[in-house]
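The values are calculated or read from the model by the stated rules, or taken from the named source; none is laboratory data. Because the structure is predicted, anything quoted here is derived from the model rather than measured. Positions of Cβ are generated from backbone atoms using ideal geometry, with glycine treated the same way; all protein chains shown enter the neighbour counts.
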Amino acid sequence: MTNHRGLPNTVARGRRGSALLTALLAVGIITVAVMASLSLVGTERRSVDDQQLQARALGIAQQGLDAYLRHPENPAFRPSRPVHMPPLDNDTAWVPVNVAAGDTAIIIPRLFHTSTGGTSDTMYVISSLGRHGGGMIRGTPIAQRAVAELVTWTGATLPVKAGWLSLSGLTKNGASGTLSGIDDSPTPCLPGGNLAGVMVPASPGYTGSTTPLSGNPPLDKTTLGATPQTAAAYVAGLGIDWADWSQGLNLPNVWRTSDHGGAFPSFSDPTYYPIVYVSGDVPMLPSGRGLLVVSGNMTMNGLTTWNGMVLVGGTVTANGNDNIEGSVISGLNLVTGSPAVAAGSIGNGTKTIVYNSCEVKKALAGTHALVPRRGTWMDNWKTY
């Protein structure tokens, strides 16, 4: 091929070769750019997936810790192993968080401080390890996060002094029934010793027949002092935090009837001893068991049975054939400065109100709990 001067067209052929090289170079650059973009997208997806797994692992750890602190006694957390309360040092528990996904938090209580007087101030560091895998990107490692919190093992220590202790006095109509401080605990419970059947201040004291009374002594009018005020001062030293309890505060795992339309819980499970709190009066106590805390007055009318501990701010009126196995303390609003509380009243009927140390122990067991200490939560706990 020649140009118009008759010479070979080498320049044109060179230009065509240069264009081909340029096109190939452009294709290569585009290919590299596309591959880099895909790699960047993959890296971003892996990073996002990893962050999501880490967030999920943190959630598992926190949910597991919360569940454990609410119910450290749950036997499902320690399959085929005995439950110890307070927990033993390094007594590992497995708390299921999402059964369908297989998410489980590994809980390890580590003893931080041993109480020098009972177990009421024993402290632990409770750690929770949450693990979650199965990300959308192949090769994404299993995510794990650990949280921990400093907690104190606390619980009510309530020395029971009588079958019925009334800070405002007691009136008994008729000679029927039983008011006893003789421990009625059955085998295999260990008897707690015999107490006073009824304990009241000297004034207004106890009015009515003493025939139903039994105990050591059957009637105690000296221990609480001369007046309801001296009785209140005495009871305040027993460890009843009535200022908070009367408001439903500092009661772990409590059933507040106001949260359930005024209803009491179901007692179909004979081993269920809840803490039940009633704000105000109980006009008709149903049968049940556990630690009953009533801020106002309480009335029993008929065939009522209650096993456990009964704490009432105002008066207790018992009519009919009622039965309480455990212990009763009434008139507690005097502890928080109430100017007056009427005397408790026991109407006619074959009622039985007796001390039972086994039932008291079961009722107070629910007050024990692992209580987090403020400002001690951490999410950078070592995972080894």
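Counting only residues that are modelled with pLDDT of 95 or more and among the small types (Gly, Ala, Ser), which one in the range 291-310 is nearest to the chain's Cα centre (by Cα)? Applying the filter and picking the extreme gives GLY308.
So is LEU303 among the aliphatic types (A, V, I, L, M), free of Cβ contacts under 8 Å to residues at least 24 places away in the same chain and farther than 22 Å from LYS161 by Cα or not? Write out each step before concluding.
Values: among the aliphatic types (A, V, I, L, M): yes; free of Cβ contacts under 8 Å to residues at least 24 places away in the same chain: yes; farther than 22 Å from LYS161 by Cα: yes.
Spelling it out, LEU303 is indeed among the aliphatic types (A, V, I, L, M), free of Cβ contacts under 8 Å to residues at least 24 places away in the same chain and farther than 22 Å from LYS161 by Cα.
Taking the condition under 23 Å from THR317 (Cβ atoms), loosely packed, with under 15 Cβ neighbours inside 10 Å and in contact (Cβ under 8 Å) with a residue 24 or more places away in the chain, does SER180 pass? No; evaluated as a whole, the condition is false for this residue. Of (1) closer than 25 Å to GLN247 by Cα; (2) outside the structural domain of TRP255 (by TED's automatic domain parsing), THR336 satisfies all except one. Which? With respect to (1) closer than 25 Å to GLN247 by Cα; (2) outside the structural domain of TRP255 (by TED's automatic domain parsing), THR336 is out only on (2).
Name the residues in the range 251-265 that are touching a strand residue (DSSP E or B) at 6+ places or on another chain (Cβ under 9 Å) and either closer than 21 Å to ASN301 by Cβ or not assigned by TED's automatic domain parsing to the domain that holds LEU291 (or both), would you?
Within the range 251-265, the subset touching a strand residue (DSSP E or B) at 6+ places or on another chain (Cβ under 9 Å) is 251-258, 262, 264-265.
Listed by number, the residues that qualify are THR257, GLY262, PHE264, PRO265.
Within the range 70-82, one or more residues are part of a helix (DSSP H, G or I), among the charged types (D, E, K, R) and closer than 30 Å to LEU53 by Cα. Can you confirm whether the range 249-260 contains a residue that is among the basic types (Lys, Arg) and surrounded by fewer than 21 Cβ atoms within 10 Å (Cβ to Cβ)? Yes, the range 249-260 contains a residue that is among the basic types (Lys, Arg) and surrounded by fewer than 21 Cβ atoms within 10 Å (Cβ to Cβ). Look at (1) farther than 18 Å from ASN356 by Cβ; (2) touching a residue at least 12 places away in the same chain (Cβ under 8 Å); (3) part of a loop (DSSP other than H, G, I, E, B) and you find that THR317 fails only one, number (3). Of everything in the range 352-384 that's charged (D, E, K, R) and modelled with pLDDT of 80 or more, which residue is surrounded by the fewest Cβ atoms within 10 Å (Cβ to Cβ)? Taking the candidates together, the pick is ARG374. A single member of GLY331, GLY344, GLY313 is modelled with pLDDT under 95, in contact with a Ser or Thr (Cβ under 6 Å, 6 or more places away or on another chain) and surrounded by 23 or more Cβ atoms within 10 Å (Cβ to Cβ), and it is GLY344. Under the condition of being in contact with a Gly (Cβ under 7 Å, 6 or more places away or on another chain) and part of a loop (DSSP other than H, G, I, E, B), the residues counted in the range 223-251 number 1. Considering each residue of the range 199-215 in turn, at least one proves to be outside any loop (DSSP other than H, G, I, E, B) and exposed (fewer than 15 other Cβ atoms within 10 Å of the Cβ).
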